[in-house]
Amino acid sequence: MEVGTIYITTQGAKLTKVGERLVVRSKENKIIHDMPFFKIRQIFCFGTIEVSAQTIFQLMYRNIDLVYLTKNGRFKCRLSNLNEKSVLSRIAQYQRSQDEDFKLKMARKIVVGKLSNYRNWIMYKNRHGVIEANNEAFAINQAINLGKKAESIDELMGIEGNGSKIYFKAFRKGLKQNLNFFERNRRPPRDPVNAMLSFGYTILYHKVLAAIEQAGIDPFLANLHSNQNSRPSLVLDLMEEFRHFVVDNMVLKLVNLAQVRADNFIYTADKGVIMNDYAIALIVKEMQARLGNSFYYPHDGKKIELQEQILKQAYAYREAVNKGVEYYEPLVFNR
């Protein structure tokens, strides 16, 4: 199985090129990773990580995405090569960006797909007696029906926002530890659960961004989320269908199995919460494992790795840009 993505959290580590292999060593010169470049698709560096010039050249030559984040997951910068074979798709994408009918239909799909994943999880947990969430399941289903008939992007944004609030009420009921989670918040996250969610969403964000760029489409031209300078809004669109299945499930698992506890988090002067080294390393490990696991992919009718599904969805969106909105269907994960 291909490695795909490497996550480096050891502070002071250095990435070097040794022949056709990437070797990552700690400050004490201990080897952390040693693998051939051809097995690597993306590298995440958290905190103070050094990369030699020869390694950077090799990564860019091989189109390996290099993402720098702070120790606690705040984005710093990334290095990646442009897809030189993407001109025609980008022309089509720019034309679609002026097509209000295309944008509305695509935005409907995105919102309905996201809320459908929320509904499926709530109904599954409710059906098995894990949580009592009949009201939330009914309200999310109503939001889905409204989303299918929405006549504007603004209306869809309101439906999505309300649906997410309802979902996180049910999500809170699914937590078996009291970590002071009451609602979704960020910048800064004000409790341990939100700190983990934000960290996981950051990793997912850059996985989706890398997939979009590999597919050769412009990450700045979106449908649901508004287009803004310095914000790759299409990433926000295409990551919606994966938020619950990739990140939220992982956070629920860590909390409910008591793999993380309150003392794994630090409260900051701005009333925010950050994770300690143990929690960071654990979440990175869990995200890597989840993205590398195989799940049923309905569009192919077989099991493939979750990170491959993200890439396939980016290519499906490119098909929709080139051929029509019906070529893209968000993934709805059934329980």
> If we scan the stretch 276-284, do we find a residue that is of a type outside the set (D, E, K, R), over 15 Å from L197 (Cα atoms) and assigned to a strand (DSSP E or B)?
Replying inline: no
>> From the list I166, I131, exactly one residue is in contact with a Gly (Cβ under 9 Å, 6 or more places away or on another chain) and within 20 Å of V247 (Cα to Cα). Which is it?
In response: I131
>> Restricting to the stretch 85-110, and then to whatever is under 27 Å from I203 (Cβ atoms) and crowded, with 21+ Cβ neighbours inside 10 Å, can you tell me which residue is modelled with the lowest pLDDT?
In response: Q93
>> So, in the stretch 137-172, how many residues would count as being out of contact with any Leu (no Cβ under 9 Å at 6 or more places or on another chain) and either open to solvent by 100 Å² or more (accessible area, probe 1.4 Å) or in a loop (DSSP other than H, G, I, E, B) (or both)?
In response: 7
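Is it fair to say I304 is open to solvent by less than 50 Å² (accessible area, probe 1.4 Å) and in a strand (DSSP E or B)? Write out each step before concluding.
Numbers: open to solvent by less than 50 Å² (accessible area, probe 1.4 Å): yes; in a strand (DSSP E or B): yes.
Taking the combined requirement at face value, the residue satisfies it.
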> Identify, please: which residue in the stretch 37-51 is hydrophobic (A, V, I, L, M, F, W, C) and more than 23 Å from I274 (Cβ to Cβ) and is, among those, most open to solvent (accessible area, probe 1.4 Å)?
Replying inline: F38
> In the stretch 52-65, which residues are over 15 Å from L209 (Cβ atoms) and open to solvent by 50 Å² or more (accessible area, probe 1.4 Å)?
Replying inline: A53, Q54, F57, Y61, R62
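Restricting to the stretch 212-269, name every residue that is of a type in the set (D, E) and assigned to a loop (DSSP other than H, G, I, E, B). Walk me through it before giving the result.
First, pick out the residues of the stretch 212-269 that are of a type in the set (D, E): 213, 218, 237, 240-241, 248, 263.
Residue satisfying the conditions is D218 alone.
For (1) assigned to a helix (DSSP H, G or I); (2) at pLDDT 95 or above; (3) aromatic (F, W, Y); (4) under 30 Å from V325 (Cα atoms), each residue gets a yes or a no:
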{"site": "V112", "(1), (2), (3), (4)": "yes, yes, no, yes"}
{"site": "L115", "(1), (2), (3), (4)": "yes, yes, no, yes"}
{"site": "E132", "(1), (2), (3), (4)": "no, no, no, no"}
{"site": "N135", "(1), (2), (3), (4)": "yes, no, no, no"}
{"site": "N180", "(1), (2), (3), (4)": "no, no, no, no"}
{"site": "N185", "(1), (2), (3), (4)": "no, no, no, no"}
{"site": "P188", "(1), (2), (3), (4)": "no, no, no, no"}
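Among Y297, Y317, which is the only one that is modelled with pLDDT of 95 or more and open to solvent by less than 20 Å² (accessible area, probe 1.4 Å)?
Working: Y297 fails: modelled with pLDDT of 95 or more.
After applying the criteria, what remains is Y317.
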>> Checking the structure you have, find out if any residue of the stretch 66-84 is farther than 30 Å from N194 by Cβ and crowded, with 17+ Cβ neighbours inside 10 Å.
In response: no
>> For the stretch 6-26, check the following and say yes or no: at least one residue is charged (D, E, K, R), buried (at least 16 other Cβ atoms within 10 Å of the Cβ), farther than 24 Å from A215 by Cβ and touching a Ser or Thr at 6+ places or on another chain (Cβ under 6 Å).
In response: yes
> Residue check, V235 against (1) open to solvent by 20 Å² or more (accessible area, probe 1.4 Å); (2) touching a Pro at 6+ places or on another chain (Cβ under 6 Å), all met but one. Which one?
Replying inline: (1)
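Here is a list: N180, N134. Which entry is at positive phi, open to solvent by 10 Å² or more (accessible area, probe 1.4 Å) and either out of contact with any strand residue (DSSP E or B) (no Cβ under 6 Å at 6 or more places or on another chain) or without any contact (Cβ under 8 Å) to a residue 24 or more places away in the chain (or both)?
On the way: N134 fails: at positive phi.
None of the other options fit; the residue is N180.
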>> Among the listed residues R108, R78, R90, identify the single one that is closer than 24 Å to L234 by Cβ and part of a strand (DSSP E or B).
In response: R78
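The values are calculated or read from the model by the stated rules, or taken from the named source; none is laboratory data. The model shown is predicted, which means the values in this text are computed figures rather than measured ones. We place every Cβ from the backbone using ideal geometry, glycine too, and count neighbours over all the protein chains shown. When the accessible area is computed, the model is the full protein with side chains, heavy atoms only, and any ligands, DNA or RNA have been set aside. Shrake-Rupley method; radii C 1.70, N 1.55, O 1.52, S 1.80 Å.
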